[in-house]
Amino acid sequence: MASKNLLALVVLLSVLGVSVAIPKLSLDLDYYRYKCPDAERIVRRVTEQYVSRKPSLAAALLRMYFHDCFVRGCDGSVLLKSPNKDAERDAIPNLSLRGYEVVDAAKTALEKKCPNLVSCADVLALVARDAVVVIKGPWWPVPLGRRDGRISKLNDALQHLPSPFADIKTLKKNFAVKGLNTKDLVVLSGGHTIGISNCALVNARIYNFTGKGDFDPAMNPSYVRELKKKCKPTDFRSTLDMDPGSAKKFDTHYFNVVAQKKGLFTSDSTLLDDVETKLYVQTQVATGGISFNKDFSDSMVKLGFVQILTGKNGEIRKKCAFVN
């Protein structure tokens with residue numbers, strides 16, 4: 001009823017000559033209120049159980065959700081397994097994804113209470129939000145009603161996932177294709193405030209950037225020296241914090257790091273190569289991140305609408321790793 005009233009208001013304002021953006025009514029915050037009223041509580045309880053024991057799962061689950069939405073949209077396709085090892089989760093960028101057990105546990109609990117009703121795509125969206133909240137990060141509303149995709153291809157992941165080696169022009173194009181703007185790009189990059197990577201992704205940046213034994217000039221030389229202590233030339237496995245000094249806390253320290261030219265990836269450093277993204281970084285540093293939590297919440301809501309399946313499209317999977 002609320003959606004119908006909102007649509008009527010939009011139509012009335014348009015008739016009166018008032019320009020308004022038509023809201024996306026395909027998802028609903030109350031989607032499971034009558035079908036499965038305990039759905040969000042169940043997912044939250046399971047997520048809290050896992051993440052409170054292992055807080056590093058928060059970064060992992062946020063990353064998984066991002067990787068799902070950027071490939072075929074937020075349809076849970078990253079959760080699918082393939083006997084031929086050619087699904088999204090088998091692509092090199094996704095081999096380091098973890099936290100599947102949290103999504104599976106939440107889905108299992110939901111199936112006991114409300115069988116065949118809650119999609120894996122919605123479970124992942126809720127788990128990502130609740131995991132961040134457990135580590136005292138920002139909360140954001142999660143409109144629900146997504147359905148699960150039946151297709152998951154390794155090559156799609158390789159083609160559509162933003163690369164840590166990408167420059168700002170490429171990243172802006174990656175995001176624009178998904179209906180996300182430059183502000184969303186820099187805000188969602190702030191998710192790198194939590195989590196880890198490894199030496200393999202920075203080896204070339206610090207040892208052989210142009211093939212002449214040099215390092216990336218976009219990096220702070222002192223940071224390069226720190227990284228070389230942790231990553232020897234043949235070390236591709238040791239872990240590195242994406243936000244050195246504050247990797248376990250969801251805060252705005254990441255922007256301080258980027259401003260100091262200590263971004264771990266090219267995709268972090270290149271935020272200083274664009275007027276809009278650089279200004280955002282500098283503003284967060286100057287204000288102590290005063291707007292970041294709200295900005296992050298807004299961009300995560302937008303991300304959750306990317307290429308979603310609703311209505312009769314897709315399905316409600318019984319198990320998240322397999323199509324019905």
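Phi angles of the range 101-106 translate, via the Karplus equation with coefficients 6.51, -1.76, 1.60 and θ = phi - 60°, into HN-Hα couplings of 5, 5, 4, 5, 5, 5 Hz per residue; Gly and Pro are given as x.
Mean separation of Cα pairs under 8 Å and 6+ residues apart, divided by the residue count of the chain: what relative contact order is that in percent?
Contact order relative to length: 24 percent.
With helices as the sole contributors, the chain gives -13500 deg cm²/dmol at 222 nm; each DSSP H run of n ≥ 4 counts as -39500 (n - 2.57), and the sum is divided by every residue.
Given the convex hull of the Cα atoms of the range 15-163, what is a quarter of its surface area in nm²? Its average projected convex-hull area is 11.3 nm². Modelled label positions at Arg53 and Ser96, each set 7 Å beyond Cα in the direction of Cβ, lie 2.5 nm from each other. Each principal axis of the Cα cloud of the range 84-147 was taken in turn, and the coordinate range along them, longest first, works out to 33, 31, 19 Å. Restricting the range 176-271 to chymotrypsin sites (Phe, Trp or Tyr not before Pro) that sit in a DSSP loop and have at most 14 other Cβ atoms within 10 Å of their own Cβ leaves Phe236.
Can you send over the carbon and sulfur percentage of the accessible area for the chain, probe radius 1.4 Å, protein chains only? Carbon plus sulfur share of accessible area: 56 percent. Measuring nothing but alpha carbons in the chain and taking Rh as the Kirkwood radius, the Rg to Rh ratio lands at 0.99.
Heavy-atom accessible area per residue, the chain, 1.4 Å probe: how many Å²?
Per residue, the chain has an accessible area of 50 Å².
Kindly provide log₁₀ I(q)/I(0) values, in the same order as q = 0.13, 0.15, 0.17, 0.18 Å⁻¹, from the Debye equation applied to equal alpha-carbon scatterers of the range 260-324. Results for the range 260-324 at q = 0.13, 0.15, 0.17, 0.18 Å⁻¹ read -0.61, -0.70, -0.77, -0.81. Candidate cross-link partners of Lys169 among the lysines, defined by an alpha-carbon separation under 29 Å and a same-chain spacing of 8 or more, comprise Lys24, Lys153, Lys178, Lys183, Lys212, Lys228, Lys261, Lys262, Lys278, Lys294, Lys302. Between Gln307 and Val177, the modelled labels are 0.8 nm apart [label points 7 Å from Cα along Cα→Cβ]. Per the Kirkwood formula applied to alpha carbons, the range 113-187 shows a radius of gyration over Rh ratio, Rg over Rh, of 1.03.
Using DSSP to call loops (not H, G, I, E or B), can you name the trypsin sites (Lys or Arg not before Pro) in the range 185-225 whose Cβ has at most 10 other Cβ atoms within 10 angstrom?
Listed in order of number, the matching sites are Lys212.
Remark: the range 197-251 is approximated by an ellipsoid whose semi-axes, taken from the C-alpha gyration tensor as √(5λ), come to 21, 13, 9 Å, largest first.
The values are calculated or read from the model by the stated rules, or taken from the named source; none is laboratory data. These numbers were taken from a predicted model, which means no experiment stands behind them. Backbone-built Cβ (ideal geometry, glycine too); neighbour counts: all protein chains shown. These accessible areas exclude ligands, DNA and RNA; they are computed on the full protein's heavy atoms, side chains included. Shrake-Rupley method; radii C 1.70, N 1.55, O 1.52, S 1.80 Å.
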